[in-house]
Every structure is written in structure tokens, then in C-alpha cells.
1. Could you tell me whether any residue of the stretch 158-169 is open to solvent by less than 30 Å² (accessible area, probe 1.4 Å), of a type outside the set (A, V, I, L, M, F, W, C) and outside any loop (DSSP other than H, G, I, E, B)?
2. Just the residues that are assigned to a loop (DSSP other than H, G, I, E, B) and within 6 Å of the ligand (Cβ to nearest atom), please, taken from the stretch 183-203.
3. Could you please tell me which pairs satisfy a Cβ distance under 6 Å, a separation of 6+ or placement on different chains, a first residue in the stretch 100-128 that is closer than 20 Å to residue 222 by Cβ, and a second residue that is more than 16 Å from the ligand (Cβ to nearest atom) and part of a loop (DSSP other than H, G, I, E, B)?
4. Are any of the residues in the stretch 195-216 in contact with a Ser or Thr (Cβ under 6 Å, 6 or more places away or on another chain) and of a type outside the set (Gly, Ala, Ser)?
5. Test each condition in (1) among the aromatic types (Phe, Trp, Tyr); (2) touching a Leu at 6+ places or on another chain (Cβ under 8 Å); (3) within 12 Å of the ligand (Cβ to nearest atom) for residue 149 and report the one that comes out false.
6. Checking the structure you have, find out if any residue of the stretch 78-97 is in contact with a helix residue (DSSP H, G or I) (Cβ under 7 Å, 6 or more places away or on another chain) and within 16 Å of the ligand (Cβ to nearest atom).
7. Name the single residue, out of those in the stretch 135-157 being part of a strand (DSSP E or B) and open to solvent by 20 Å² or more (accessible area, probe 1.4 Å), that is nearest to residue 169 (Cα to Cα).
8. Could you grab me the full set of residues in the stretch 44-99 that are of a type in the set (Ser, Thr, Tyr) and either touching a residue at least 40 places away in the same chain (Cβ under 8 Å) or under 22 Å from residue 18 (Cα atoms) (or both)?
Amino acid sequence: MIRLDKFLCDCAVGTRSQVKNILKAGRVTVDGVTEKDGSRKIQPGQPVCLDGEALSQTGTVVVMLNKPAGYVTATADEKEPTVMELLPADVRKWDVKPVGRLDKQTEGLLLFTNDGDLLHRLISPKKEIPKVYYAKHQGTATRADIQAFAEGLTLGDGTVCLPAKLEIVGEGESLITVCEGKYHQVRRMMASRNMHVDYLERREEGKLALGDLPRGQVRILTEDEINLLEK
Ligand code: URA
């Protein structure tokens, strides 16, 4: 026997507080009957549905974090705080791993999943998933910079980048779209055009946007959002 709210957390339906709201909204049924009481005990194998879909305890999950600066993207680090420390205990329990990486000082959209196949597909260079970054930087981008990004930059060490998009959004502010994830890529691309980046935030990954998710908070992606990721 297990409490319904614990079962829902174990199924990666949401964090404990999200599960409370999901129950309150009447979205969960046990044996086909709406159940709002999280303390209700359920038997192994008893049919539990969310929005009419059957749940199982071995569910996979994709979580979005709005990463603050000051955390390294790693599952463990001896010296620095890691992004794992930002995940609520409920989420950590699902054994999620970061999808790709953001630098210690970079903020914004970072995904985690416990689905190994999905993780490998998402970080595969073959996928070329576009990622949109907002940068505050020294200098202001010019038409020549936009052109150089579009043609594919060659960095100081000879690294050749895929064509990328640079959009000017203000004085010393740009949006940069890249389809690959080389080490310090955006900072190095901007530096190669003499624009030192002072602030960097990832705002979009594929068709997913950070939206109004507060800094330091996580949310669990819906099935539709997960499907969008690979489109
Ligand atoms: N490019 C960078 O330079 N840093 C990041 O964290 C992500 C992309």
C-alpha cells in the first residue's frame, strides 16, 4: 500500500506541491473514480490515471530548470555548487541528468531527463536543435557581424562553427541562435567579433521556451512538450 500523492510523485507527475494542485483539480482517478485525497492508500497494480492516461511508476520525465548563475552543469563537483542542488528532492529522486550544459555564469533554460535514449538524441550533433541565447555584451553588433555569423565563423583556435543567427536587440544586446554546443560557443563566437559577453541567458531550445518560469525554479514538461523537443 502506498499513499496516492507519493505514488504520483514516484510516477514523475510533478513535485509534491504540483501533485497537490493536480489532485485538487480533480485530474486523478483511482479505479475510474476521481480522487482528490493525496493521503488515500492505493494497492500495487490498482489503476491510477492522470487526465484519463494510465500511470506507471517507471515513468520517464523531462524537467526544465531556469538556471541561475554560479552553478556548474555537472552531476557532482568537489569544489563548485552543481545544478543538481537546484532540483527539489522529489525531482532528484527520479535520477535525472542534465541535457547538454550551460557554463557556470550562464543562466536560463536547462533540461534534465532520466530517459537515456532521449538524452543522447537531444545532445547528438546530428540533431542540430536550435538554441536561442540573449547576450549583453561590449560593443554593438553590426551588419558585418550578422553576415559573419550567417556564413559560419572560424574561431581564434581554428574551430569552424555552423552558420548561426545574430539579431541586434539593442545597444550591446543581441539574440544569438546556434545549432551546436561547442565549449563556450556563444561567448567565443562573440569574442571573435570583438564583443565580450558580460551576461548570457539561454531562452529557447527547439520549440521550447523558458517563458515565465522563475529563476531557480523547475517545471515538468508535458508529453506534448517532450514531443515538440524533437520536431
Ligand atoms: N555558449 C556559451 O558560451 N556558454 C553557454 O553556457 C552556452 C552557450
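The values are calculated or read from the model by the stated rules, or taken from the named source; none is laboratory data. Model, not experiment: these values are computed from the prediction. Note that we place each Cβ from the backbone using ideal geometry, even for glycine, and neighbour counts take in every protein chain shown. Protein only, heavy atoms only, side chains kept; ligands, DNA and RNA dropped before computing areas. Shrake-Rupley method; radii C 1.70, N 1.55, O 1.52, S 1.80 Å.
1. Within the stretch 158-169, none of the residues are open to solvent by less than 30 Å² (accessible area, probe 1.4 Å), of a type outside the set (A, V, I, L, M, F, W, C) and outside any loop (DSSP other than H, G, I, E, B).
2. 184
3. Filtered contacts from the stretch 100-128: 112/96; 113/96; 114/60; 114/61; 114/94; 114/95; 114/96; 115/60.
4. The answer is yes, given that some residue of the stretch 195-216 is in contact with a Ser or Thr (Cβ under 6 Å, 6 or more places away or on another chain) and of a type outside the set (Gly, Ala, Ser).
5. The number of the failed condition is (3).
6. Among the residues of the stretch 78-97, not one is in contact with a helix residue (DSSP H, G or I) (Cβ under 7 Å, 6 or more places away or on another chain) and within 16 Å of the ligand (Cβ to nearest atom), which makes the answer no.
7. It comes out as 136.
8. 56, 58, 60
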